[in-house]
Amino acid sequence: MRFPSQPASRCLAIASHVRYPAFNQLPFAYTYRNYSVLPSNMATNGTSSGLPLKDLPKSWTLPSLLPPDPLYPTPHDSHNTPRDEIGPRQVRGGLFTYVRPERQQNYELLAISPAAFKTLNLSLSEAETPEFQETVVGNKLWEWDGKDEKNRNYPWSQNYGGFQFGSWAGQLGDGRVISLFETTNDKSGKRYEIQLKGAGMTPYSRFADGKAVLRSSIREFVVSEALHGLNIPTTRALALTLLPESRVRRERIEPGAIVVRFAETWIRLGNFDLLRARGERANMRILADVVAEHVYSGWENLPARLEKDENDPKTGIPKTTIEGPEGEEQNRYSRLYRAIVRRNALTVAKWQAYGFMNGVLNTDNTSILGLSMDFGPFAFMDVFDPSYTPNHDDHLLRYSYRNQPTIIWWNLVRLGEALGEMMGIGSKIDDESYIKNGVQGEEKEKEMIARAEKLIEQAGEEYKEVFLREYKSLMSARLGLKGVKEEDFEGLFSPLLDTMEALELDFNLFFRRLSSV
């Protein structure tokens, strides 16, 4: 299934280019050795709003709800295993593995994001404490003493797969990422999962070393907070630490680093891809339930079936309610799928409007909450070129700027295929025979497939509508227009972008200069 064609080929973005301002204009706090380099408006003076790290509420909800790696079913099983023996392998039957970060002997905290501290309700002054600095390199484990065998408060890494450049890549997983804990901001009510990138090898490291280089860590740290500042849904970055004695071999030898990042969820489409490829039906249902109940905060928060000429779906539909006519029945898993589709449509519209390119939009880099995530060869558009991709290995331009909306939909179709059985079974989703044995009989299989295909096709039209409505709104705002007019799409946006391409105009300079007219 393809993303519905667009009425104009160059109607997909206006970029916002990130320049490098003076240090006192950056929304980050920098430290070097024992000296703090803070803009004057960020100086802590020993006090700041927010909680001390020790008082930050901590939880381990995700690993408590999902089936663990059978080799390490409890934290004690993992903790009692020598760290260097926890290495790459195929993990079947488990959705995550308990694994602790590798211990770091020497480190230097380089940068923190005060905006991220505020999001977590964490006191900015904590950045100067040994407790914080030991936590952000993985040396300190919270609420774990190794004595209580029932204690499940332990770091973990996720197991997932993915389609990379359109081909199935098998098991991937968190190869150099380890989650420490979750924390809930009592003011906003949002829960965030805190994790370290570059913290050591896991069962999902494959042929890699579990490390991150300083160069790419700086890029992820900066772009995470920049996208947040642009109001584009994204994962976040809290702190960046240099490992001065770590030497990492990439194209050349580079210094190592650890970036602390957080998000409301790190579950991606690839989590479902792997379960589908392995035929793990029970785990598929468990994971979908966890996403609906704990990421989307309940089945009743998912979008109801759209009626004719309706754009904004209602919510509040009870979990067991079946909506729609025969052959198009939508159960709760169809509503979950549509929620994920709508979130990603909104996000890719923002990417196009601000000229952001991820560069590697594989299904393992596509969030079930529509967050920008896993920043590799990303870029913001400079001179407008719809065919541009920042990925030098993308010779076919699969992940080019022009193709991003289509590729995200391609990824979402893969998710639809993973959830297809649960969507296609319709009203019989809770029948005991189906839960135990799946779809039985050729005729019932045909009926299930036909219903699932119809629902995915309808979701594609919904994706297109949500994307275009958000894109038109953002483009109108970027041009300083007071409202959105349908005729502007063909009459203004497309000719403008054609002109920008023909004259090789820089997006940022164009809009900055337009703002002064």
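For LYS446, indicate whether it is surrounded by fewer than 20 Cβ atoms within 10 Å (Cβ to Cβ), without any contact (Cβ under 8 Å) to a residue 60 or more places away in the chain and out of contact with any helix residue (DSSP H, G or I) (no Cβ under 9 Å at 6 or more places or on another chain). First the steps, then the outcome.
Working: surrounded by fewer than 20 Cβ atoms within 10 Å (Cβ to Cβ): yes; without any contact (Cβ under 8 Å) to a residue 60 or more places away in the chain: yes; out of contact with any helix residue (DSSP H, G or I) (no Cβ under 9 Å at 6 or more places or on another chain): yes.
Here the answer is yes, as LYS446 does meet what is asked.
For (1) part of a loop (DSSP other than H, G, I, E, B); (2) at pLDDT below 95, each residue gets a yes or a no:
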position: TYR401; (1), (2): yes, no
position: THR406; (1), (2): no, no
position: ALA452; (1), (2): no, no
position: GLU462; (1), (2): no, no
position: GLY483; (1), (2): yes, yes
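Of all residues in segment 62-80, which are assigned to a helix (DSSP H, G or I) and either free of Cβ contacts under 8 Å to residues at least 12 places away in the same chain or within 16 Å of GLU293 (Cβ to Cβ) (or both)?
Filtering segment 62-80 for residues assigned to a helix (DSSP H, G or I) gives 62-65, 75-79.
LEU62, PRO63, SER64, LEU65, listed by residue number.
Anything in segment 282-320 that is crowded, with 16+ Cβ neighbours inside 10 Å and either assigned to a loop (DSSP other than H, G, I, E, B) or among the aromatic types (Phe, Trp, Tyr) (or both)? List them, or say none.
Matches in segment 282-320: TYR296, TRP299, LEU302, PRO303, ALA304, ARG305, LEU306, PRO313, ILE317.
Only one residue in PHE165, PHE207 is of a type in the set (Phe, Trp, Tyr), out of contact with any helix residue (DSSP H, G or I) (no Cβ under 8 Å at 6 or more places or on another chain) and farther than 29 Å from PHE356 by Cα. Which one? Lay out the reasoning, then the answer.
Numbers: PHE165 fails: farther than 29 Å from PHE356 by Cα.
Testing whether each residue is of a type in the set (Phe, Trp, Tyr), out of contact with any helix residue (DSSP H, G or I) (no Cβ under 8 Å at 6 or more places or on another chain) and farther than 29 Å from PHE356 by Cα leaves just PHE207.
Within segment 174-192, how many residues turn out to be closer than 23 Å to SER49 by Cβ, of a type outside the set (A, V, I, L, M, F, W, C) and open to solvent by less than 20 Å² (accessible area, probe 1.4 Å)?
Total satisfying the criteria: 3.
Output the qualifying pairs, or none if there are none: Cβ atoms under 9 angstrom, residues six or more apart or on different chains, first residue in segment 130-152 and farther than 19 Å from PRO52 by Cβ, second residue open to solvent by 50 Å² or more (accessible area, probe 1.4 Å).
Filtered contacts from segment 130-152: GLY138/GLU102; GLY138/ARG103; GLY146/HIS79; GLY146/ASN80; ASN151/GLU143; ASN151/ASP145; ARG152/SER64.
So which residues in segment 97-129 are open to solvent by less than 40 Å² (accessible area, probe 1.4 Å) and over 27 Å from ASP55 (Cβ atoms)?
THR97
Please work out which one of (1) under 21 Å from SER246 (Cβ atoms); (2) touching a Phe, Trp or Tyr at 6+ places or on another chain (Cβ under 7 Å); (3) among the small types (Gly, Ala, Ser) is the condition GLY173 fails and give its number.
Here GLY173 meets the rest and fails (1).
Since VAL517 meets every condition but one in (1) open to solvent by 80 Å² or more (accessible area, probe 1.4 Å); (2) in contact with a Lys or Arg (Cβ under 7 Å, 6 or more places away or on another chain); (3) of a type in the set (Val, Ile, Thr), which condition does it not meet?
Looking at each condition in turn, VAL517 falls short on (2).
Tell me which residues, restricted to segment 80-93, are closer than 20 Å to ARG285 by Cα and either of a type outside the set (D, E, K, R) or surrounded by 15 or more Cβ atoms within 10 Å (Cβ to Cβ) (or both).
Taking segment 80-93 first, the residues closer than 20 Å to ARG285 by Cα are 91-93.
Listed by number, the residues that qualify are VAL91, GLY93.
Listed here are the residues, each with its yes/no results for (1) within 28 Å of LEU505 (Cα to Cα); (2) touching a residue at least 40 places away in the same chain (Cβ under 8 Å).
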| residue | (1), (2) |
| --- | --- |
| VAL348 | yes, yes |
| GLN352 | yes, yes |
| GLY359 | yes, yes |
| ASP364 | no, yes |
| ASP385 | yes, yes |
| HIS395 | yes, no |
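Out of everything in segment 132-173 that is acidic (Asp, Glu) and within 19 Å of SER59 (Cβ to Cβ), what residue ends up being surrounded by the fewest Cβ atoms within 10 Å (Cβ to Cβ)?
Pass one, segment 132-173, residues acidic (Asp, Glu): 134, 143, 145, 148-149.
Applying the additional criterion that residues be within 19 Å of SER59 (Cβ to Cβ) yields 143, 145, 148.
On the way: GLU143: 12, ASP145: 8, ASP148: 11.
Ranking the qualifying residues of segment 132-173, first place goes to ASP145.
Does segment 210-230 hold any residues that are out of contact with any Phe, Trp or Tyr (no Cβ under 9 Å at 6 or more places or on another chain), open to solvent by 30 Å² or more (accessible area, probe 1.4 Å) and under 23 Å from TYR354 (Cα atoms), and which are they?
Answer for segment 210-230, where residues must be out of contact with any Phe, Trp or Tyr (no Cβ under 9 Å at 6 or more places or on another chain), open to solvent by 30 Å² or more (accessible area, probe 1.4 Å) and under 23 Å from TYR354 (Cα atoms): ILE218, HIS228, GLY229.
If you take the residues in segment 30-79 that are among the polar types (S, T, N, Q) and modelled with pLDDT of 95 or more, which one is surrounded by the fewest Cβ atoms within 10 Å (Cβ to Cβ)?
Step one: list which residues in segment 30-79 are among the polar types (S, T, N, Q), which gives 31, 34, 36, 40-41, 44-45, 47-49, 59, 61, 64, 74, 78.
Of the ones still in play, those that are also modelled with pLDDT of 95 or more are 59, 61, 64, 74, 78.
Details: SER59: 15, THR61: 14, SER64: 10, THR74: 15, SER78: 21.
Here the answer is SER64.
Within the set of pairs 6+ apart or on separate chains, which have a first residue in segment 466-492 that is open to solvent by 70 Å² or more (accessible area, probe 1.4 Å), a second that is modelled with pLDDT of 95 or more and of a type outside the set (Ser, Thr, Tyr), and C-beta atoms under 6 Å apart?
Hits for this filter: VAL484/LYS472.
Any residue that is modelled with pLDDT of 95 or more, among the acidic types (Asp, Glu) and under 20 Å from PHE378 (Cα atoms) - is there at least one of those in segment 174-188? Steps first, please.
At the first step, the residues of segment 174-188 found to be modelled with pLDDT of 95 or more are 174-185.
From what's left, among the acidic types (Asp, Glu): 174, 182.
Subset that is under 20 Å from PHE378 (Cα atoms): 174.
Checking segment 174-188: at least one residue is modelled with pLDDT of 95 or more, among the acidic types (Asp, Glu) and under 20 Å from PHE378 (Cα atoms).
The values are calculated or read from the model by the stated rules, or taken from the named source; none is laboratory data. The shown structure was predicted, so the numbers you read here are calculated from the model rather than taken from an experiment. All Cβ positions, glycine included, derive from the backbone under ideal geometry; neighbour counts span all protein chains shown. Note: areas computed on protein heavy atoms with side chains; ligands, DNA, RNA excluded. Shrake-Rupley method; radii C 1.70, N 1.55, O 1.52, S 1.80 Å.
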